[in-house]
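To keep things clear, I will list the structure first and then write my remarks on it.
The values are calculated or read from the model by the stated rules, or taken from the named source; none is laboratory data. As the structure is a computational prediction, the values presented were derived from the model and not from experiment. In this analysis, Cβ positions are derived from the backbone assuming ideal geometry, glycine residues included, and neighbour counts consider all displayed protein chains.
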Amino acid sequence: MDLTHSKDISKKIEHLSRSSSLELYNEANEKKISISALLEEMDPTPRDQFGKPEWPLDAFERQLMLFGIRSSEYSSITVQELFDGRGMILAPEWFRRQIIKGMQLYADADDLVAVSSKVNGPSFQPLYIASPSQKGKSLAKFGQGASMPVVTILYRDKTISLNDYGRAFDFSYKVIQHSDLSELKVVLWYVGYNIQNDKIGAIYNLVMSGDGTVGAAGSVSAGTAGVDNLIYDDLVNLFVAFRPFKMTRIIVNTVVEAKILKLTEFKDPQAGFSFQRTGDVMTPLGAKIAVYSGASSDYIAALDHRFAVKKGYNQELLIEHDKIIDRKIEQAAVSQELGYSVFLEDARKYLDMSS
């Protein structure tokens with residue numbers, strides 16, 4: 001890696017750290033991007049013809065390296081060394097990136113979303129795909145003189161409000177100052193882990209109750225009420241109900257997840273070997289499982305993640321950087337404003353085991 005330009009930027013960061021200046025954060029806020037993205041603009045990481053980074057570290061990580069900010073369990077500095085160091089101004093972004101890492105350790109909420117788009121303001125008017133006007137007819141063939149089936153894109157009558165998904169910090173600088181960054185990053189991973197659970201819960205509720213502009217998804221009744229009576233046939237019936245779409249994701253709580261994993265049909269030797277060896281949960285009928293702690297044991301929410309859900313957001317994950325820099329961590333919070341809407345109604349269903 002050629003660090004010549006990175007070293008020039010590190011001189012500016014050192015100067016800003018001495019004065020606790022928010023210059024970089026103010027510039028990033030004006031552009032509505034993160035510090036990581038701003039540094040990438042200032043010091044681009046070379047990429048190959050396919051857009052893949054050619055260097056192992058991005059612009060922010062190169063600054064961490066130059067300032068000796070290490071958080072590996074084998075080589076770590078303390079929180080106090082971070083805040084007393086020449087690269088102190090990087091601390092809020094380091095916090096934010098660790099929280100994002102924690103979100104990625106959970107089932108990815110964005111993996112349940114067909115499309116994400118940036119919006120302006122506190123709400124957005126959701127676009128949706130209306131079903132063909134002549135159901136059951138091919139979109140490819142039609143008789144001479146006959147009208148083509150119509151696929152319509154419309155706006156919902158109501159808007160979707162953006163909600164804050166985040167957490168406030170419940171620990172002070174005094175508590176963590178002597179801890180290694182390797183310890184603190186795990187705490188921040190946990191913060192991100194919990195935020196992700198909330199976002200998956202919002203998508204679960206969108207399947208079960210709708211988004212405020214459209215109602216609940218279509219339901220498929222289980223053969224016998226109660227999660228203890230769930231059988232393979234119930235999952236097959238849910239899967240078939242999606243046609244011509246495909247059930248690609250299901251959202252359940254741990255009780256339902258355990259019941260699915262114990263079904264005889266999912267106990268074949270190869271699946272069992274993979275589960276025991278890696279801990280990766282098998283995919284019933286090809287559908288990945290996302291676990292939401294607030295899901296009801298009476299239902300299995302399901303969707304075709306390629307079509308069902310749209311995410312609207314107006315900013316990246318934000319952290320109250322001024323409070324972090326002032327070491328008033330217990331007064332700080334991290335959050336992202338976003339909202340979910342139904343993009344294609346027929347691409348979501350749920351299995352009803354309640355009656």
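Within the range 65-82, which residues are crowded, with 17+ Cβ neighbours inside 10 Å and closer than 17 Å to His321 by Cα?
Val79, Leu82
Of the residues in the range 200-243, how many are at positive phi and more than 28 Å from the chain's Cα centre (by Cα)?
1
State yes or no: is Thr224 more than 16 Å from Ile329 (Cα to Cα), surrounded by fewer than 14 Cβ atoms within 10 Å (Cβ to Cβ), at pLDDT 95 or above and among the hydroxyl-bearing types (Ser, Thr, Tyr)?
Spelling it out, Thr224 is indeed more than 16 Å from Ile329 (Cα to Cα), surrounded by fewer than 14 Cβ atoms within 10 Å (Cβ to Cβ), at pLDDT 95 or above and among the hydroxyl-bearing types (Ser, Thr, Tyr).
What's the number of the condition Thr45 fails, among (1) out of contact with any strand residue (DSSP E or B) (no Cβ under 9 Å at 6 or more places or on another chain); (2) part of a loop (DSSP other than H, G, I, E, B); (3) within 22 Å of Tyr25 (Cβ to Cβ); (4) not aromatic (Phe, Trp, Tyr)?
It is condition (1) that Thr45 fails.
Quick check on my filter: what residues within the range 119-164 are at pLDDT below 85 and at positive phi?
Matches in the range 119-164: Gly136, Gly145.
Every residue, every condition in (1) surrounded by fewer than 16 Cβ atoms within 10 Å (Cβ to Cβ); (2) of a type outside the set (Lys, Arg); (3) in a helix (DSSP H, G or I); (4) at pLDDT below 95, yes or no:
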{"position": "Lys185", "(1), (2), (3), (4)": "no, no, yes, no"}
{"position": "Trp189", "(1), (2), (3), (4)": "no, yes, yes, no"}
{"position": "Val207", "(1), (2), (3), (4)": "no, yes, yes, no"}
{"position": "Asp211", "(1), (2), (3), (4)": "no, yes, no, yes"}
{"position": "Val220", "(1), (2), (3), (4)": "no, yes, no, no"}
{"position": "Val236", "(1), (2), (3), (4)": "yes, yes, yes, yes"}
